[in-house]
Amino acid sequence: MKKSIYLIIAATLISGSTGFAQKKAVPAANKTMDTYISRLMAKMTIEEKLGQLNLVTGGEATTGSAVSADVEGKIQRGQVGGIFSMTTPQRIRKAQEIAVHKTRLKIPLIFGQDVIHGYKTVFPIPLGLAATWDLALIEKTARIAATEASADGLNWTFSPMVDISRDARWGRISEGSGEDTYLSSEIAKVMVKGYQGDDLSKYNTLMACVKHFALYGAAESGRDYNTTDMSMHRMYNEYLPPYKAAVDAGAGSIMTAFNDINGVPATANKWLMTDLLRKQWGFKGFVVTDYTAVSELIDHGLGDLQAVSALSLKAGVEMDMVSEGFLNTLGKSLKEGKVTEAQINNACRLVLEAKYKLGLFEDPFRYCNDERAKNEILTPANLQTAREIAAQSFVLLKNQNNLLPLKKAGTIALVGPLANTGSNMPGTWSVNAELNNTPSLLQGLKAVVGDKVKILHSLGSNLIEDAAYQERATMFGREIPRDNRSEEVIIQEALDNAKKADVIVAALGESSEMSGEASSRTDLEIPAVQKRLLAALLKTGKPVVLVLFTGRPLVLTWEHENVPAILNVWFGGTQAAPAIADVLFGDVNPSGKITATFPQHVGQVPIYYSHKSTGRPLAEGKWFSKFRSNYLDVSNDPLYPFGYGLSYTTFSYGDIKLSAPSFKAGGSITAQVTVTNTGKVEGKEVVQLYTRDLVGSLTRPVKELKGFQKISLKPGESKEVSFTISAEDLKFYNAELQYVAEPGDFQLFLGTNSRDLKSAEFKLM
Ligand code: BGC
């Protein structure tokens, strides 16, 4: 339907009395929206209102066992507010046409999907994106994702995922920005900005959906969907800020978490959804549940579908993803006085407001543009950005005797189950990735080195010895063909190639589906069969470079001791393979730094740099003392600390210069440090600022990240890097949950990672 005709119909529809009370004074633009929606709602029956609260799957990729049935029939009966996992302008137009031509009130649908780290042009997994510490580049990935997804008909993304996680056993650590509150909050803001732009009604924007509210990353024992139980001050200081940052950045929607929080499931948690989110934070968008999270309240033990749907609505949830509990039971609950009409009205209004803000009432087909779909997806420019950011996300963990970069000459033995799989490159949660069109590492290396280097490829080992486990770890088309010959024969083939090579590149680690949803692990090492291959390769005496694929921090203690060079490449997206080649051959100097601590033993988990001191801290330089807080068998140290990552060059830090030894609330000080590139090639360094509150009314972390700057230095070049610190940076939530900066002594640290730092002291007066 043409826009003008639609507007005439919509205008006819909305004429009439409002019948829906407005409480607050609103700006003019909002007044227009309020009036429009009030008039529309005055015409709606309860059933039609409940229809707006229903989010169904489009019958394509889904993320649970439940799939919505009779979607077209439901749309026609006004029982659908939005559809997710339906793409392409043609399909979306078809569904939208039913909504705006065949339903009584012609209310358009909203179309969402998990556009998590890119759309068809896939960028590195979020944990890899965070490792770039490059906010502008991260924002650019969200902008490109929004452009591509909106060109394919979508207007809503279930991203950013901002769950802090300090437990690498949890598979979904791959989907977030890691362990740190400050960094995750900064990333949350730019992601929202990248998706939404400054005007959601533009044709190339997506409404963001912050998830999973809340504390999903703190699942007990790292087991997905498990319980969380947390003190209020930890919640406020460490886990909630990234969600708040995204809300403050204007995110249009928020998704509930599957877990319970201190005994109340998030999806039925009134304190969370209403008191905190609405009243304290002033959130104005709408809340959608996670997949079937309403009906899962039954298994949480809160009652039958009718009871849990009412609980969820009353807690402050507006849209029900897939459970159809809202659609099918809230009418009955209303009649029985278990929910009020005002509660249903409020939910319906918020969903309609989202559609209004997206411009869908003005033009329901705004996002259905075949030309855009043809021209704006997988463009050379997008692919180039994907290649650049992938290379920036890689973290050089070890590089003994500058084994890397490799020369573009001689013979390379490329070995390992991850060496020739394109489908594993995009990583978890890349539902739109063109798996057959993503180069494998073997293809990427060949494309970059041409015939300058001879590459001898062999599998070397299966991904996992246990075939059933390997099957669980290679779902959704992320296949790694299994070789049923004996382990010895498969290794021997690799050794034969290795003998003929100058250097061995071992592509080992996890498959992409070994992290992500419902992919928790108890063992954080590279699968044993791959380690046996690695040991055999090392025995040849040839130099070995480990190209490590992983969606989480792994335990690499043995590898660190035995392998001369380790490059962690996460899952780098559509252009991962050429980007790995760029870094391996030195066309790009690696600069990524890990944003989640790599433990030396799985028993240390949860492990994170911003821990508390305890009353019995271990003295510096010691690894064990009786009656101190430590283990008998391993030191407290991580293998690689938060913020760690090497470069092909080296950097030195001068001493910290403070502008003053103290400042008053309202004032500030500046901390300055000179950073010098002391190596032979140009490189990027992430200069990190941490503080420690030495005396507090609560126990305070031993270090907290407060700022960072990514700089580029030519060989021999120095730069002064300065940070301003004000009382605002030193605030925290005290025992009464007041956000305060407490006067007293502080330590300030500057350096290359959370362990190797220069320090100074200052006072807040
Ligand atoms: C996941 C969400 C996702 C949703 C819709 C759920 O299983 O937890 O992160 O947005 O499915 O696909």
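Taking Rh as the Kirkwood radius computed over C-alpha pairs, what is the Stokes-Einstein D of region 617-724 at 10 °C in a medium of viscosity 1.306 mPa s, expressed in µm² per second?
Roughly 94 µm²/s, to the nearest whole number.
List, in order, the whole-Hz ³J(HN,Hα) value for each residue of region 656-663 obtained from phi through the Karplus relation with A = 6.51, B = -1.76, C = 1.60 and θ = phi - 60°; use x for Gly and Pro.
Going residue by residue, I get 6, 10, 9, 5, 7, x, 7, 8 Hz, with x marking Gly and Pro.
In a shell of Cβ-Cβ distance under 15 Å around Lys408, excluding Lys408 itself, what net charge do Lys and Arg (+1) and Asp and Glu (-1) give?
0
Mind pulling the angle between the C-alpha long axis of helix 325-335 and the longest principal axis of the chain? Nearest 10 degrees, somewhere in 0 to 90.
40 degrees
Going by a ≥ b ≥ c, the root eigenvalues of the Cα gyration tensor, does region 379-604 fall in the rounded group (a/c under 1.5), the prolate group (a/b larger than b/c) or the oblate group?
rounded
From the phi angles alone, apply the Karplus equation (6.51, -1.76, 1.60; θ = phi - 60°) to region 164-176 and give each ³J(HN,Hα) in whole Hz, x where the residue is Gly or Pro.
5, 9, 10, 10, 5, 5, 6, x, 7, 4, 5, 8, x
Filter the trypsin sites (Lys or Arg not before Pro) in region 106-211 to those in DSSP coil with at most 15 other Cβ atoms within 10 Å of their Cβ, and list the result.
Details: sites: Lys106, Lys120, Lys140, Arg143, Arg166, Arg169, Arg172, Lys189, Lys193, Lys202, Lys211; in loops: Lys106, Lys120, Arg166, Arg169, Lys202.
Here the trypsin sites (Lys or Arg not before Pro) that fit, given the DSSP loop and packing criteria, are Lys202.
All other residues with a Cβ under 12 Å from the Cβ of Asn568 taken together, and with Lys, Arg as +1 and Asp, Glu as -1, what is their net charge? Provide the component values of the computation, followed by the final result.
Working: positive: Lys398, Arg552, Lys593; negative: Glu510, Glu559.
Taking every other residue near Asn568 into account, the sum is +1.
Percentage of Cα-Cα pair distances in the chain greater than 46 Å, rounded to whole percent?
More than 46 Å apart: 24 percent of the Cα pairs in the chain.
Work through the residues other than Ala467 whose Cβ is under 12 Å from its Cβ and net out their charges, Lys, Arg +1 and Asp, Glu -1.
It works out to a net charge of -2.
What trypsin sites (Lys or Arg not before Pro) does region 661-765 have in DSSP loop regions with at most 13 other beta carbons within 10 Å?
Lys664, Lys680
Report the chymotrypsin sites (Phe, Trp or Tyr not before Pro) located in region 549-627 that are in a DSSP loop and have at most 10 other Cβ atoms inside 10 Å of their Cβ, or state none.
Filter output for region 549-627: Phe627.
Can you give me the long-range amide H partners of Glu717? Hydrogens built in the peptide plane at 1.01 Å from N, cutoff under 5 Å, separation of 5 or more residues or another chain.
Close amide H contacts, sequence-distant or interchain: Asn677.
Any of Lys408/Lys454; Lys657/Lys684; Lys49/Lys279; Lys452/Lys531; Lys102/Lys374; Lys408/Lys542 with alpha carbons more than 20 Å apart? Name them for me.
Going by Cα-Cα distance, Lys657/Lys684; Lys49/Lys279; Lys452/Lys531; Lys102/Lys374 fall outside the 20 Å limit.
In straight Cα distance, which aspartates and glutamates are under 14 Å from Lys703, not counting same-chain residues fewer than 8 positions off?
Glu179, Asp180, Glu238, Asp693, Asp729, Asp745, Asp756, Glu761
Please list, ordered by chain and number, the residues whose modelled amide H lies under 5 Å from the amide H of Tyr640; skip anything fewer than 5 residues away on the same chain.
Those qualifying (amide H under 5 Å, at least 5 residues apart or on another chain) are Phe598.
Which ³J(HN,Hα) values in Hz, rounded to whole numbers, follow from the phi angles of region 677-686 under the Karplus curve 6.51 cos²θ - 1.76 cosθ + 1.60, where θ = phi - 60° and Gly and Pro get x?
7, 9, x, 10, 10, 5, x, 10, 10, 9
Using the Cα gyration tensor of region 448-516, with a ≥ b ≥ c the square roots of its eigenvalues, what is the shape: rounded (a/c below 1.5), prolate (a/b larger than b/c) or oblate (neither)?
On the way: a/c = 2.84, a/b = 1.55, b/c = 1.83.
Verdict is oblate for region 448-516.
Each reported figure results from applying straightforward, stated rules to the coordinates on display, with no laboratory input. Bear in mind the structure is a predicted one, so any value in this text is a computation, not a measurement. With ideal geometry, Cβ positions are generated from the backbone for all residues, glycine too; neighbour counts draw on all protein chains shown.
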